[in-house]
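Reading through the structure tokens given below for one structure.
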Amino acid sequence: MAKPIKEWSKLERCQQDNGDEDTTHIGVGPGGDFQANNNLFDNLITGDETWVHLNTPETKRDSMTWKHPSSPVTKKFKVQRSAAKVMATVFWDAKGVILLDILPQAQCINAARYCSTLDSLKEAIRRKRPGLLRRGVVLQHDNATPHSANLTQQWLQRYGWEILPHPAHSPDLAPSDFHLFGPLKRHLGGMAFETEDDLISELRNWFDNLDVDFIRLGINSLLSRWQKCIDLHGDYVEK
């Protein structure tokens, strides 16, 4: 069982915008309800990593076909997931994907590599989200070692990015895990790519063509999931 998340009752953000005080607040109200104003999602960027294989078999659900009870049993060959894979790091907000960073095969992500990705993210924000760097970025990522390393923390402090508290081992509170990566893996199910470049091209095409309403739903669902987490005293959220 996850530990109770005390941060949610304490998280508060105040900023100055054009001389007027603009407060973004997340907390627990008198009745125990989760409260947050919409300004948070204007500045919120979420990101995470996932392994993507050159050959991804279909899931059992995706490979199911309707047939008559008297139809003969269909024999299917078991397809193994390929060992060749790349790591995709995706940063996105309520408007869409801001950065897709691909780590080549045989490379592992560490703090230095993650800081390099954050450099690329900062430049992508400058191009795609004008004014956000000035207003202040609120970043949500999990507690993986490259994210929590001292080198990464120094990078975040240098540029004044705020980190949205995220409890350990809670994929049910990470939009990429509960909303984005599942549909991606289902899309890739049954596909086999000859080269890494072919896979990367398909990844970029999929992320570039995501529906805006689908993206917005993933970010907005954070509110209800945080509320459920509070109601469950920090336990995992039901799907």
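The values are calculated or read from the model by the stated rules, or taken from the named source; none is laboratory data. Everything quoted here is computed from the prediction, not taken from an experiment. Note: ideal-geometry Cβ built from the backbone for every residue, glycine included; neighbour counts use all protein chains shown. Areas reflect the complete protein model, heavy atoms only, side chains present, ligands, DNA and RNA absent. Shrake-Rupley method; radii C 1.70, N 1.55, O 1.52, S 1.80 Å.
Among the residues of segment 201-212, those that are assigned to a helix (DSSP H, G or I), without any contact (Cβ under 8 Å) to a residue 60 or more places away in the chain and over 15 Å from Ser176 (Cα atoms) comprise Ser201, Glu202, Asn205. Only one of the numbered conditions (1) within 13 Å of the chain's Cα centre (by Cα); (2) open to solvent by 40 Å² or more (accessible area, probe 1.4 Å); (3) not hydroxyl-bearing (Ser, Thr, Tyr) is not met by Asn110, and that is (1). Going through (1) at pLDDT below 95; (2) in a helix (DSSP H, G or I); (3) surrounded by 16 or more Cβ atoms within 10 Å (Cβ to Cβ) one by one, Leu184 falls short only on (1).
Return yes when Leu103 is buried (at least 16 other Cβ atoms within 10 Å of the Cβ) and closer than 26 Å to Asp42 by Cα and no when it is not. Judged against the criteria, Leu103 is not a match. For first residues located in segment 172-186 and over 18 Å from Gln140 (Cβ atoms), partners that are open to solvent by 10 Å² or more (accessible area, probe 1.4 Å) and β-branched (Val, Ile, Thr) and lie 6+ apart or on another chain with Cβ distances below 9 Å form the pairs Leu184/Thr50; Lys185/Thr50; Lys185/Thr56; Lys185/Thr59; Arg186/Thr59.
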